[in-house]
Amino acid sequence: MSILKLQETLRETVKKTALEKFDIDLGQVPAEVPPKTELGDLAFPIAFELAKQIKLATGEKQNPRQIAEILKTSLESFDFVGKVEVAGPGYLNVFYNRAKFLAENSRNNFFKTVDENSPKVCVEHTSVNPNKAAHIGHVRNSVLGDTFVRILRANGKRVEVQNYIDNTGVQVADVVVGFVHLRKMDLAQIKQLEAGLEIPFDYYCWDLYTEVGKFYAENEENKKFRAETLHELEKGSGEIYELADYVATRNVECILRTMNRFDIRYDLLPRESEILHLHFWQKAFELMKERGVIHFENEGKNKGCWVMPFESHEGTDEHDADKILVRSNGTVTYTGKDIAYQMWKLGLLGLDFNYKLFQAYDDGKEVWITTAEQITDANAPSFGHSETVYNVIDTRQSYPQEVVKKGVATIFPDKGEAASVHLSYEMVALSPAAAEELGFELSDEDKQRTFVEMSGRKGLGVKADDLLDRLESDALREVENRHPDISNDEKQSIAHRIAVGALRYFLLKYTKNTVVVFDFKEALSFEGETGVYCQNAAVRFNSIFKKVAERFETGENELLEKSFGTIESENEEVARIFSSEIGHDLWSLVILASRLEEIIQQAAAVTEPAILAKYNFNLSKAMHLFHHNHRIISEENPVKRAVLIVIADLTRRALTAGLRTMGIEVPERM
RNA sequence: GCUCGCGUAGCUCAGUGGAUAGAGCGCUUCCCUCCGGAGGAAGAAGUCGCAGGUUCGACUCCUGCCGCGAGUACCA
């Protein structure tokens, strides 16, 4: 019986007993993990509540401890329960039958398998404007989204990953202005430039975008080029459109390559141009008008616009609460397009994109992109039609996300607001020291602040590839010190895994609504609470198995099978070991490793990957301690040795699975 | 103004209404005869922003206040 099943059974027993003995329906029975293994494996602080309810129902005053004693008897009859203690003023502490639990759960592989027939869930993340290289703030979005995808899959969900491409927006227009008006280039010249470029194309655009920012700042007049360009982009054809399409697509390729370095991949790239040209917006617009969700403003400051009223954001001025979806010049706002896109994701729009293959990753996995061309690729999978949609977008966009959610829910009340989830998170900012390290002159005001916001327009930010390069070279230096004899390829592969692990862990250890103040020293650290620390615990355990198998002249699998057999047949001796003085120590590791499934479920339910990061760190810490306190190779008692082997195996598999769910791989050695 | 988030050790952060509030960094001291050193042990360090309230029990829930951040665009 798995830990989740066990917990559920115990809760039900408590509920049933309360009903039978006291005639009280407890509803959801709260349970908690006691602060120490010595206090048990699961605690029910329920006797206090029961005493209160009994008094309320009958007027009879009962001692919580006495109530706990009655519950204790019913829980003890269950064979997975070793013992139950009533502690303090009325805690009910349940101790599992350790030997039995280990024998039954030692082969646990923790995750549910994905059911291909289950309803699909969509996660949209990354969605970097395709006009420059991705920076560390974008990576927080992608890592958060990708990890959440992995968590959902570990929970057995079928997930589709979308990366929205805003290829006709202001930011792409700006970099096009740079190419056309500052560099005076046409498409052919851009291609020629690229051929001789020593930096990646997205790096070039990063700098050019910054120049355009200055160009606008010099003279407000210069912004007319932006408006002209935007107009060309909306038209969907012509020389400027072709040029912009090329630039945006090249940037998408660069960003996908960057994200692939972090093991982040996508199924579909839906583009804004198709939302427009395939008339998604018009369709959504009609639906909203039909349902009376939006109205045309004849007067006031929003005169000439189509707006959606938004009652929960009361403003002081008359119509402050309304959100404009169609501007007075007839163009659609981003939020308007986003409503159409959201409706499509949920299979509610009644229109579909056309698809073509964008690229395949090394292992053959395909990424598709939307197109307005009337082509039907028979190989294109079915996209959209999701039961639930998670949008990974930073917290500053909470307001437009609310508008999207409410808008869709008003048009489709059956679907409701629950189908649209804004997975919001705080930004990554720079510490003033980090900004200065990047060569930026800070204003006196900025120097006083605890952090400085990154700005693509100003070119202020840590590029994702730069940081990963730096982490890889730091890691490589360490690997070279430790393993001078291995091949360069192997060194680099280890360094890469360490670097990715370090950065992903760094971005995931903070809870979503904490601003990550980027600091080079912390981000580049390989010590303390880091991905490296966790990887190291797993590597050490793997090396134990190699050494032990070698010592006993057997294979790892044979060693494990034999140990599983011993655990299953030597129940009494295993029980004796668990009640010896090292018993709590060993057991705490078993129970911690077994909790992975619970953690995965919890992380999905509250959309918080940081829970998993903390878990992996705590498990790693317990493993380092085990490593320090127990020696398998020199253990002479064969049953105890088998217990140590099975525990070491269970924990390394839990850690490896937990880390993989964070997108962190365990290297062969380090 | 209004809406949302935050305030916990010197610093950066965890913390389902439950037991003695925890980590990492930094600081002090110690441990390489090993399956360990990208480690491990021990220590110092707290008005959980302030004031009320609810509760058998509050860092956690409610109210007010103070401080910080974000949003409140015909930007996204």
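The values are calculated or read from the model by the stated rules, or taken from the named source; none is laboratory data. Everything quoted here is computed from the prediction, not taken from an experiment. Positions of Cβ are backbone-derived with ideal geometry, glycine not excepted, and every protein chain shown enters the neighbour counts.
Okay, residues lined up against (1) outside any loop (DSSP other than H, G, I, E, B); (2) surrounded by fewer than 19 Cβ atoms within 10 Å (Cβ to Cβ):
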| site | (1), (2) |
| --- | --- |
| A:I577 | yes, no |
| A:L592 | yes, no |
| A:A613 | yes, no |
| A:H627 | yes, yes |
| A:T651 | yes, no |
| A:A654 | yes, no |
| A:R669 | no, yes |
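Within segment A:16-26, identify whether any single residue is more than 11 Å from RNA strand B (Cβ to nearest atom), under 35 Å from the mean Cα position of the chain (by Cα), in a loop (DSSP other than H, G, I, E, B) and over 14 Å from A:N97 (Cα atoms), and answer yes or no.
yes
Could you please find all residues in segment A:542-556 being β-branched (V, I, T) and assigned to a helix (DSSP H, G or I)?
Hits for segment A:542-556 are A:I544, A:V548.
Give segment A:237-278 a look and list any residue that's outside any helix (DSSP H, G or I) and within 16 Å of RNA strand B (Cβ to nearest atom), or say none.
Answer for segment A:237-278, where residues must be outside any helix (DSSP H, G or I) and within 16 Å of RNA strand B (Cβ to nearest atom): A:L269, A:P270, A:R271.
If a residue counts only when it is near RNA strand B (Cβ under 8 Å from one of its atoms), which helices (runs of 4 or more DSSP H) contained entirely in segment A:439-541 have at least 3 such residues?
Correct list: A:464-482, A:488-508.
Let's see how each residue does on (1) touching a helix residue (DSSP H, G or I) at 6+ places or on another chain (Cβ under 8 Å); (2) surrounded by 15 or more Cβ atoms within 10 Å (Cβ to Cβ); (3) farther than 30 Å from A:S386 by Cα:
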residue	(1), (2), (3)
A:V421	no, yes, no
A:G456	yes, yes, yes
A:D469	no, no, yes
A:S473	yes, no, yes
A:N481	no, no, yes
A:R497	yes, yes, yes
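Consider A:V428 against the criteria (1) out of contact with any Ser or Thr (no Cβ under 8 Å at 6 or more places or on another chain); (2) aliphatic (A, V, I, L, M); (3) without any contact (Cβ under 8 Å) to a residue 60 or more places away in the chain: it satisfies all of them except one. Which criterion is unmet?
Result: A:V428 passes all but (3).
Restricting to segment A:541-580, name every residue that is under 19 Å from A:Y96 (Cα atoms) and touching a Phe, Trp or Tyr at 6+ places or on another chain (Cβ under 8 Å).
Passing the criteria: only A:F578.
Could you grab me the full set of residues in segment A:334-365 that are in contact (Cβ under 8 Å) with a residue 24 or more places away in the chain, surrounded by fewer than 17 Cβ atoms within 10 Å (Cβ to Cβ), assigned to a strand (DSSP E or B) and under 28 Å from the mean Cα position of the chain (by Cα)?
Passing the criteria: A:K356, A:Q359.
Looking at A:A409, A:A435, which is the one that is within 30 Å of A:G347 (Cβ to Cβ), among the small types (G, A, S) and either in a helix (DSSP H, G or I) or within 14 Å of RNA strand B (Cβ to nearest atom) (or both)?
Going through A:A409, A:A435 in turn, just one is within 30 Å of A:G347 (Cβ to Cβ), among the small types (G, A, S) and either in a helix (DSSP H, G or I) or within 14 Å of RNA strand B (Cβ to nearest atom) (or both): A:A409.
So if I check each of A:I664, A:I647, which one is buried (at least 18 other Cβ atoms within 10 Å of the Cβ) and either among the small types (G, A, S) or part of a helix (DSSP H, G or I) (or both)?
A:I647
Considering only residues of segment A:27-80 that are assigned to a strand (DSSP E or B) and touching a helix residue (DSSP H, G or I) at 6+ places or on another chain (Cβ under 8 Å), which is farthest from A:S588 (Cα to Cα)?
Top of the filtered list is A:F44.
Just one of A:V462, A:V403 is closer than 21 Å to A:M259 by Cβ and either modelled with pLDDT under 95 or β-branched (V, I, T) (or both); which is it?
The unique qualifying residue is A:V462.
Residues being of a type outside the set (A, V, I, L, M, F, W, C), surrounded by 15 or more Cβ atoms within 10 Å (Cβ to Cβ) and within 19 Å of A:L6 (Cα to Cα): count how many of those fall in segment A:36-75.
6
Which of the residues spanning segment A:166-180 are within 11 Å of RNA strand B (Cβ to nearest atom) and either acidic (D, E) or over 12 Å from A:T210 (Cα atoms) (or both)?
A:D166, A:N167, A:T168, A:G169, A:V170, A:V172, A:A173, A:D174, listed by residue number.
If a residue must be farther than 16 Å from A:R652 by Cβ and within 16 Å of RNA strand B (Cβ to nearest atom), how many such residues does segment A:542-565 contain?
5
Could you check segment A:627-670 and list, in sequence order, the residues that are within 8 Å of RNA strand B (Cβ to nearest atom) and in contact with a Leu (Cβ under 7 Å, 6 or more places away or on another chain)?
Within segment A:627-670, A:H630, A:I632, A:E635 meet the criteria.
From the list A:S398, A:S443, which one is exposed (fewer than 15 other Cβ atoms within 10 Å of the Cβ) and within 20 Å of A:K512 (Cα to Cα)?
Exactly one of A:S398, A:S443 is exposed (fewer than 15 other Cβ atoms within 10 Å of the Cβ) and within 20 Å of A:K512 (Cα to Cα), namely A:S398.
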